[in-house]
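The values are calculated or read from the model by the stated rules, or taken from the named source; none is laboratory data. These numbers come from a predicted model, not from an experiment. When we count neighbours, we look across all protein chains shown, and the Cβ atoms used for this are built from the backbone with ideal geometry, even at glycine. Note: accessible area is taken over every heavy atom of the protein model, side chains too, but ligands, DNA and RNA are not part of it. Shrake-Rupley method; radii C 1.70, N 1.55, O 1.52, S 1.80 Å.
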Amino acid sequence: MSLDPRAFQRCLSPDCAATYDAGEVLTSCTRCGSLLDVDYEWERVEVPGKLSEFETAWRSRHQPVDFSGVWRFRKLLPFVTDESVVTIGEGQTLFQQADQVARFVGVNAGRFYLQYEGMNPSGSFKDNGMTAAISHARATGATQAACASTGNTSASLALYTGMTPGMKSIIFVGSGKIAYGKLSQALDYGALTLQIAGDFDDAMKRVQEVCQSMRIYLVNSVNPFRLEGQKTIMLRVLEALRWEVPDWIVVPGGNLGNSSAFGKAFIELHRLGLIDRLPRLAIINASGARTLSELVGRRGLSWNGGRYDRRTIDDYYAELDRDHAKASTIASAIEINRPVNLAKCLRALDACDGVVREVSDQLILDAKAQVGAGGYGCEPASAASVAGAKLLVEEGVIGPSDRVVCILTGHLLKDPNVTVAYHSDDQKVFNETLGVRGVRGASFANHAVSVGNDLDQITRAIQLYGH
Ligand SMILES: *Cc1c(COP(=O)(O)O)cnc(C)c1O
Ligand SMILES: [Zn+2]
């Protein structure tokens, strides 16, 4: 197991810029506390002359590293040697031109696409990052890995450690706030699962303390190696568009790892001369967890060459503390008030001329039902991207003929309770699951029709409703 000598870690702060060996297990700069980036001595990397050269990997798909939708792009994330890679065939994801969903969003047919990351082995985009983090963990000799999770990171971690001999995982979840599809995965894949009496932000704080004191490998997205794997989501989008850059990438924002990784991917591709322009990035918060939208949209926070105003952030977090404000949204995967990758996300917004918006749980669920009816289906948090795209079209920010790619981050089956409650005509079921979060109605509800066990009744129901 070994690391690639061309890779190293660098502090995000331009005033510090400390560098560290790729083999050091760190989640922040030990000199100044900033986040770390993985970087490469690019002049020593054999970068393809053009992106289409990656298509040659398709010919050797029998090799796990070329089958993986992450590792077949490993020339752009060269931090481990091939034999250190832990892969289970992640990144075999789908890309759909979704004309029906386009109509809901307000974009012209043929211009709107869904990138379905729910097709990953554990059912969410997190596998793109987990394969990278666990490969790094293994190369550094780690035997235990941990994360705090709203559900999908834990499902993914549990899957990857389950298949890696000599590696165990410990999962921190907030009490009561995890979708059953996700919790069932962590348990079934055999992870030690700790339910902390607190919310995600509490669990996140604790896992960082424990990993430091017990020297356990942390795989939350403060882990810079994880984000390297997530860069490849954008490579697969480009690949599906025959290497043309779309006008917009729209992504839900939770801990902001994905948006940060997307930004890093485009910055690097542009510097390497592999793309001639960057797409615009739209990051969508739920209105019940809107830190990014508040800080960027209302308080003017921006990257500022890496010298962003930390006071603005600290002041806002102090207000949250003072008001005992907790994140609250039906989209549990983005129910996060203190996004750990905020600084990297500011860089991505800066590079990609990005925008941030927030959408209500109502709009998220309506968008989710539309994605289900005319797209691949997705879990609630994923639909924030589609809801956000609709909002941006209404505002005139996204034009109807723009080419728009929405990222569907997680599988429809992750959170079945929410889906069934949305479509239920039982007011009690609806209220108990959705009404408590302020959702009033279901514009696209598809109620189950109750009929007797009787051929006539069944025939009549089909004649009445079956069109
Ligand atoms: C983790 C997750 C998100 C949030 O992604 P970040 O990188 O934390 O912003 C969104 N949707 C789903 C389904 C997720 O699992
Ligand atoms: Zn530093």
Let me check against my output: what whole-number percent is the relative contact order of segment 323-465, with C-alpha pairs under 8 Å and at least 6 apart? 22 percent
So what J values fall out for segment 224-237 if you push phi through Karplus, 6.51 cos²θ - 1.76 cosθ + 1.60 with θ = phi - 60°, rounded to Hz, Gly and Pro as x? x, 6, 4, 5, 4, x, 6, 4, 6, 4, 5, 5, 6, 5
Roughly how many nanometres apart are two label points built 7 Å out from the Cα toward the Cβ at residue 195 and residue 59? 5.4 nm
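Can you pull the Kirkwood radius for segment 301-379, inverse mean 1/r over Cα pairs, to one decimal in Å?
Numbers: mean 1/r = 0.0666 Å⁻¹.
One decimal place: 15.0 Å for the Kirkwood radius.
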At R0 = 41 Å the Cβ-Cβ FRET efficiency linking residue 299 and residue 184, nearest 0.05, sits at 0.55
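How high is the FRET efficiency from residue 323 to residue 82, r the C-beta distance, R0 41 Å, rounded to 0.05? Could you put the intermediate results ahead of the total?
Details: r = 51 Å, r/R0 = 1.24.
Once rounded, the FRET efficiency stands at 0.20.
Take the Cβ-Cβ distance between residue 214 and residue 17 as r, set R0 to 22 Å, and report the resulting FRET efficiency rounded to the nearest 0.05.
Details: r = 30 Å, r/R0 = 1.36.
Efficiency, rounded to the nearest 0.05: 0.15.
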Provide Rg and Dmax in Å for the chain, with only Cα atoms included in the calculation. 21.8, 77
Phi-derived 3J(HN,Hα) across segment 82-96 with the Karplus relation (6.51, -1.76, 1.60, θ = phi - 60°), rounded Hz, x for Gly and Pro, is 4, 6, 8, 5, 9, 9, 10, x, 5, x, 8, 9, 10, 10, 10
I'd like to know how segment 174-224 sits against the 2.2 N^0.38 Å rule of thumb: what's its Cα Rg over that expected value? 1.20
Cut-off 18 Å, label 7 Å out along Cα→Cβ of residue 395, residues of segment 288-331 by amide N: 288-303
Just from its helices, what would the mean residue ellipticity at 222 nm be for the chain, if runs of 4 or more DSSP H residues each count -39500 (n - 2.57) and the sum is divided by every residue, rounded to the nearest 500 deg cm²/dmol? -11000 deg cm²/dmol
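Full-extension gain between residue 94 and residue 24, please, as 0.36 nm times their residue separation minus the C-alpha to C-alpha distance. Numbers along the way, then the final one.
Details: separation 70, 0.36 × 70 = 25.20 nm, distance 3.49 nm.
Between residue 94 and residue 24, full extension yields an extra 21.7 nm.
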Pull up all non-local amide H partners of residue 275: gap of 5 or more, or a different chain, and H-to-H distance under 5 Å with H placed in the peptide plane. 270
Going by alpha carbons, how many degrees (0 to 90, nearest 10) lie between the helix axis of 257-271 and the longest principal axis of the chain? 50 degrees
To check my understanding: the extent here is largest minus smallest coordinate of the Cα atoms along each principal axis. What are those three numbers for segment 79-146, in Å, largest first? 51, 24, 17
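Rounded to the nearest 20 Debye, what is the dipole magnitude of the chain about its Cα centre when Lys and Arg each give +1 and Asp and Glu each give -1 at the C-beta?
Working: 48 positive and 52 negative charges, 65 e Å.
Computed about the Cα centre, the dipole is about 320 debye.
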Extension length gain for residue 420 and residue 315 (0.36 nm per residue less Cα distance), in nm, is 33.8 nm
Post the alpha-carbon centroid distance, segment 72-86 to segment 333-411, in whole angstrom. 30 Å
For segment 77-200, what log10 I(q)/I(0) values come out of the Debye formula at q = 0.10, 0.17 1/Å, with one point per alpha carbon and no solvent? -0.39, -0.85
Distance between modelled label sites at residue 467 and residue 41, nm, 7 Å Cα→Cβ extension: 7.2 nm
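Taking the radius of gyration and the Kirkwood hydrodynamic radius from Cα positions alone, what is the Rg/Rh ratio for segment 354-467, to two decimal places?
Working: Rg = 16.8 Å, Rh = 15.8 Å.
Taking Rg over the Kirkwood Rh, I get 1.06.
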Sorted by chain and number, the residues with a modelled amide H under 5 Å from that of residue 359, at a separation of 5 or more or across chains, are 285, 286, 287
Which of 459, 408, 448 sits farthest toward the positive end of the charge dipole of segment 388-460, with +1 on the Cβ of Lys and Arg and -1 on the Cβ of Asp and Glu? 408
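Say a site is exposed when it is one of the GluC sites (Glu not before Pro), sits in a DSSP loop, and has at most 15 other Cβ atoms within 10 Å; what is then the longest site-free stretch of the chain? Present the calculation step by step, with values, prior to reporting the outcome.
Numbers: sites that count: 24, 41, 46, 244, 395.
By the stated rule (loop sites, at most 15 other Cβ atoms within 10 Å), 47-243.
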More than 26 angstrom separation, counting every C-alpha pair in segment 1-116; what % is that? 43 percent
Given a cut-off of under 8 Å on Cα pairs at least six residues apart, what relative contact order in percent is computed for segment 1-114? 23 percent
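Whenever you get a sec, compute what percent of the accessible area on the chain sits on carbon and sulfur atoms (1.4 Å probe).
The nonpolar share, carbon plus sulfur, comes to 48 percent.
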For the chain, which cysteines have no disulfide-compatible partner, meaning no other cysteine Cβ under 4.7 Å? 147, 211, 345, 352, 378, 406
Can you divide the C-alpha Rg of segment 222-273 by 2.2 N^0.38 Å and report the result to two decimal places? 1.12
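Relative contact order (percent) for the chain, with alpha-carbon contacts under 8 angstrom and 6 or more residues of separation? Walk me through the intermediate numbers first.
On the way: 960 pairs, mean separation 76.1, N = 467.
Normalised by residue count, the contact order of the chain is 16 percent.
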